[in-house]
1. Could you sort out which of 79/110; 14/79; 14/65; 16/81; 16/97 sit more than 19 Å apart by Cα distance in this structure?
2. At 7 Å along Cα-to-Cβ for each site, give me the label-to-label distance between residue 32 and residue 110 in nm.
Amino acid sequence: MNHKALEMICAYLKPKIFKENEMVVEAGQPLNAMLIIIAGSLQAYQPIKVAGEACPSTSFETLDKGMFVGEQLLDWAPKTKTFDDQPVSFKTIRCSKRAEAFALTIDDLKTLVLSKSIFLKSKGEV
């Protein structure tokens, strides 16, 4: 992605604050935004199915400043035809302590894709 495309994306980023223990996204639910964590941390885990019910895993991944949630939306957006087929999260992500992030929502991503050519390769890009 070229510098101009990154600038256009940055113009759509919105600040988001998550409270301690707040659910960010649940496994199996559609991703509604891509997040860039700028402060605090989030915990990600894959739920374990026990007797058909989801139970929290004991294997947590900590997502800290500079890490992303939902970055697969950037691969999905230029390929989708309807924007109704959002990818789902394979992990449950919960705020472990207060966290701050910049969010690029599905609606803003749709606006970028439909109104701008940010996902077209420029000359020299592979």
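Taken together, the values in this text are just the output of simple stated rules run on the coordinates, not laboratory data. All of these numbers come straight from a predicted model, not from anything done at the bench. Note: ideal-geometry Cβ built from the backbone for every residue, glycine included; neighbour counts use all protein chains shown.
1. Working: 79/110 11 Å; 14/79 24 Å; 14/65 16 Å; 16/81 28 Å; 16/97 14 Å.
Pairs exceeding 19 Å: 14/79; 16/81.
2. Taking the two extended label points, one gets 1.3 nm.
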